[in-house]
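What follows is one structure encoded as structure tokens, with my remarks underneath.
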Amino acid sequence: MMSVRSATQGLWLIAGIAVAAVCLPVHANGESLDLHAIQWDPMGDTAPAEEMEFDGVSGVRLPCNFEGTDFPRASWDARVELDLSGASALEIEIRCADSAPISWVNVYLQSGGGWYHVNTVLPEEDWITLRIPRKGTDIEGEPEGWSEISTVRFSAWRRANQDTRMDVRSVRVVPEGGTIGVLRAEAAAARGAGDPQSIVQHVQPIGTMLSEVGLDYRLVSDLEPGGLPLGELDLLIMPDTPDLPEDIEANIVRWMENEGGKVLAFYHLPSSIAEAGGLRLGQHIWQEWPGHFAAIIPTAQLQGAPERAAQGSWNITTAYPASDDAEVLAAWEDEDGAVFDAPAITGSPRLVYMSHVMLPQDPVAKQQLLLAMLGYLDDNVWRDAAEGMLARADRVAGYAGLDDMRAELNDPRALEALDDAAGLMEEAKGHMDQEEFIEAIALIRDGARKATEAFAKNQTPVAGEWRGVWRHQPDGVGGEDWDTAIRRLAENGFTAVLPNMLWGGVAYYPSDVLPQAEEVKEGRDFIAECLEACREHGVELHVWKVNWYMGNRAPAEFVARMRDEGRLMINFDGAEETMWEAPWLCPSHPDNQQLEIDSMLEVAANYDVDGVHFDYIRYPGAHGCFCDGCRERFQERLGEEVGDWPADTRDEPDIREAWLQFRRDQITTVVAEVAGELQQNHPDVQLSAAVFPNWGNSRDNIGQDAELWCERGYLDFVCPMNYTPHNHVFARQTANQIEAAHGVPVYPGIGLTTWPGMQPDTVKLIEQIRLARESGAPGFTIFEYDQSAMDDVLPMAGMGITREE
């Protein structure tokens, strides 16, 4: 049986990095700020902060006055003067007696004209310590560095129209530590030389992998006026550093030449650093076809590296050996297995360089590759990583160790796997005693997997349960045919697949309604291929459509025609609404509504599928659509002109309410029409939808009225996308949705591939399946069915919690 602590243990999501929420002594890492001496400014109609005493400690109460108000978040600005350039984190001691009215909490740190920020959720517990590491923050605007923090903003986002409060009794600065530095190019982001989100995203996989192997590191910024703390570092990692400031570049070169500093760099490598490391920059090469730079193949000189690490780069910047002690350490391989001359990794004892950024594919191999590159520069890395991995390898599912887990196992198969795990850990310790750390790390990985297997085998399946997976591509997993992918699902007890076969602007079957993908023009029919496999293996097929959003494979001529016909979404500022550079269709345009309806019904009419599945059946947010057609159609509905368009839809209460209902009606019209046609002409085809988790807020924010669709019987089942790593939030969301669904089955979405961390969390998947059952859900849906899910995670589930009996 799963222990209670494993189901409820809190994790804080900090910009994609999971940090354990643990209670610490109030002054464990430094003195708390005097919270009564700080000016706390409420934003807008937020209630003022109140000075309080909590158990003799000075603090503040932050009232979230959501009842009878309509602002989206309660926010307070704490005016401070903080130099966090030498800090690793802020620690905030906080509690929230009732977190149900709060969707999530943002903490923003203002620096000049920009912000560093994180988001998290609060458990319904007593005091906890929220740790905000610098290394986990996102960037917004143009911050001026960590030495100039002038405001700490707390924002609690509304989930329900119910009052609650947050209490804060300590805010303290945690000093920095660690001798590995990870450089984040905040100066480049501030100057517009690099995309802030891309820079953050390229740092995060490196930081996550270091944390997962227990290597302590510190985030360093190229914005700090005192420069990088190179004298305190042994290694500097440069994950993505475009346009590095000249003084920072010069300091790194001096550090390498005079102090023995060592650098691991990716993609952007200044020529002076390359020269100091004994390398010569080569050329920038764009891929000639998708799959040109598919994988990295290390040489024997890169000890401890995997044989192959999948990558999928689209361009590279090469570097070559230019000194006697430099060498090529890895080559590029294309998708057909051909290895070619352009170096993937080049290195010397001072510098290792990889010719693209570290992408998150193939996480186990990538972690091994990162360790190999660091170990090439410093042998001590292998020892430190082995010790760090061993210290956490047996702490599966919240247990204190393997003996603690053993006390709760009752399945002989689980106990056997646990014995195997213990044996592997002991063997690893023997290798560590002999300083054979590379061999020890391989055994520790195997032991940790066996411990997870023991936990998985101890789970109990439930007969008759609906077990679905989303697949965001039209083809089988990892280039395999659909037969392999569906067979693997069936073997592990899964009952349904929801593959993405059509978008707002393209179809992966011979459609007479939407433009056909190039593969379809060449003879492919992805629905037919998947359907054949599903019938062979007894798995349901529910075809998934991305509604309204055209996607980046919509033909250019089709997009141009939609633009010419005034059918694209326009945002509040008057520009085309896009996501990843692809446009959306306007939901109020009658021709667009008919396009959505006809494409869904075409699938039901032409294929013997079990269902069709709405997704993106909503607006992208409150910022769309404000096209001329929307204005005309809304004014006709309203019976009068809107004087100040579009501002009055936000500023005038009566107009705003009418506008929000107008938006809801456009989306509901499509759902209702598809439902009516299916019920009349295709009664065996089920209709379902992937919807946002907070049904109340979604009505106004995105025009999605899931409760109404359930109440009116439009949906046969609903899949709320409860993609949270926080188990208590998942359980609360699922229970609330079941209560609001008017008897329609709720199969909550579990966000396997959305959680923080480079490797999929099998334990958390099992925990959330159990929580879904405890909430009364008759099934669940997993996002998403990718290579790691097929090869690693679902087979673990099939050992126990989805096992066929």
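The values are calculated or read from the model by the stated rules, or taken from the named source; none is laboratory data. Worth saying up front: this structure is predicted, and the values here are computed from it rather than measured. Neighbour counts run over all protein chains shown; Cβ positions are idealised from the backbone, glycine included. These area figures cover heavy atoms from the full protein model, side chains too; ligands, DNA and RNA do not enter into them. Shrake-Rupley method; radii C 1.70, N 1.55, O 1.52, S 1.80 Å.
Which residue, 166, 150, 103, has the largest displacement toward the positive end of the dipole of the chain when charges sit on each Cβ (Lys, Arg +1; Asp, Glu -1)?
So the residue furthest toward the plus end is 166.
When Lys and Arg each count +1 and Asp and Glu each count -1, what net charge do the other residues less than 11 Å away from residue 38, Cβ to Cβ, add up to?
Net charge in that neighbourhood comes out at -4.
Excluding residue 334 itself, what net charge comes from residues whose Cβ is under 15 Å from its Cβ, given Lys and Arg +1 and Asp and Glu -1?
Once all neighbours under 15 Å are counted, the net charge is -4.
Quick one: if the Förster radius is 41 Å, what FRET efficiency do residue 637 and residue 518 give, using the C-beta to C-beta distance and rounding to 0.05?
My answer for the efficiency is 0.50.
Whole number please: convex hull volume per residue of the Cα set in segment 609-700, in Å³?
Spelled out: Cα convex hull of segment 609-700, divided by residues, is 117 Å³.
Where does the longest stretch of the chain lie that holds no trypsin sites (Lys or Arg not before Pro) found in a DSSP loop with 15 or fewer other Cβ atoms within 10 Å?
Here the longest segment lacking exposed loop sites spans 1-394.
Would you mind getting the accessible area per residue of segment 502-645, heavy atoms of the protein chains only, 1.4 Å probe, in Å²?
Per residue, segment 502-645 has an accessible area of 42 Å².
Treating the beta-carbon of each Lys and Arg as +1 and of each Asp and Glu as -1, no other charges, what is the dipole magnitude of segment 381-460 about its Cα centre, to the nearest 20 debye?
So the magnitude is around 340 debye.
In whole percent, how big is the carbon plus sulfur part of the accessible area of the chain, probe 1.4 Å, protein atoms only?
45 percent
If you scale each eigenvalue of the Cα gyration tensor by 5 and take the root, what three semi-axes come out for the chain, rounded to whole angstrom and sorted largest first?
Each semi-axis is the square root of five times an eigenvalue, giving 41, 34, 30 Å.
Hey, what's segment 391-480 come to in accessible area per residue, 1.4 Å probe, Å²?
45 Å²
In terms of the ratio Rg/(2.2 N^0.38 Å) built on C-alpha atoms, what value belongs to segment 321-422?
Working it through for segment 321-422, the quotient is 1.55.
Determine ³J(HN,Hα), in whole Hz, for all residues of segment 573-579 in sequence, where each value follows from phi through the Karplus function 6.51 cos²θ - 1.76 cosθ + 1.60 and θ = phi - 60°; x replaces Gly and Pro.
Taking θ as phi minus 60°, the curve returns 8, x, 9, 4, 7, 10, 9 Hz for segment 573-579.
With every protein chain left in place, what is the accessible area per residue of segment 28-181 in square angstrom, probe 1.4 Å?
Heavy-atom accessible area per residue stands at 38 Å².
Calculate, in nm to one decimal, what residue 648 and residue 323 gain on full extension: separation in residues at 0.36 nm each, minus their alpha carbon distance.
110.3 nm
Once Lys and Arg get +1 and Asp and Glu get -1 on their Cβ, which of 675, 405, 437 lies farthest toward the positive end of the dipole of the chain?
Final value for the positive-end residue is 405.
Rounded to two decimal places and with Rh computed the Kirkwood way over Cα pairs, what is Rg over Rh for segment 687-753?
0.94
Any chance you could run the full-extension gain for residue 656 through residue 594? It's 0.36 nm times the residue separation minus the Cα-Cα distance, nm to one decimal.
Full extension of this stretch gives 19.7 nm more.
Express the relative contact order of the chain as a whole percentage, based on alpha carbon pairs under 8 Å and six or more residues apart in sequence.
Relative contact order, the chain: 9 percent.
Have a look at 578, 647, 284 and report the one farthest towards the positive end of the charge dipole of the chain, computed about the Cα centre with Cβ charges (Lys/Arg +1, Asp/Glu -1).
Positive-end residue among those listed: 647.
When a/c is below 1.5 the answer is rounded, else prolate if a/b is larger than b/c, else oblate, so apply that to segment 101-172 with a ≥ b ≥ c taken from the square roots of the Cα gyration tensor eigenvalues.
prolate
Gap in Å between the Cα centre of segment 396-460 and the Cα centre of segment 32-95?
44 Å
With θ taken as phi - 60° and the coefficients 6.51, -1.76 and 1.60, list the Karplus ³J(HN,Hα) couplings across segment 494-504 in order, rounded to whole Hz; mark glycine and proline as x.
After applying 6.51 cos²θ - 1.76 cosθ + 1.60, I find 8, 10, 8, 10, 10, x, 7, 10, 7, 10, x Hz.
Residue 553 to residue 404: extension gain in nm, 0.36 nm per residue of separation minus the Cα-Cα distance?
The residue 553-residue 404 span can extend by a further 48.5 nm.
For segment 466-522, run through the GluC sites (Glu not before Pro) and keep only the ones in DSSP coil with at most 16 other Cβ atoms within 10 Å of their Cβ.
480, 522
Determine the dipole magnitude for segment 462-592: charges of +1 sit on the beta-carbon of Lys and Arg, -1 on that of Asp and Glu, nothing else is charged, the reference point is the Cα centre, and the result goes in debye to the nearest 20.
Dipole size: approximately 260 debye.
Per the Cauchy relation, a quarter of the hull surface: what is the mean projected area of the convex hull of the alpha carbons in segment 476-609, in nm²?
Mean orientational projected area (segment 476-609, Cα hull): 9.1 nm².
Can you list the HN-Hα couplings for segment 321-333, worked out from phi with the Karplus curve (6.51, -1.76, 1.60; θ = phi - 60°), rounded to whole Hz and with x for Gly and Pro?
So the Karplus estimates, Gly and Pro as x, are x, 9, 9, 5, 9, 9, 7, 7, 10, 7, 10, 8, 10 Hz.
Using every alpha carbon pair in segment 426-481, what percent of pairs falls into each 10 Å bin from 0 up to the bin containing the largest distance?
Going out from 0 Å in 10 Å bins, segment 426-481 shows 19, 22, 27, 21, 12, 0 percent.
Once you list every other residue whose beta carbon is under 10 Å from the beta carbon of residue 103, what net charge do they have if Lys and Arg are +1 and Asp and Glu are -1?
Summing Lys/Arg as +1 and Asp/Glu as -1 gives +3.
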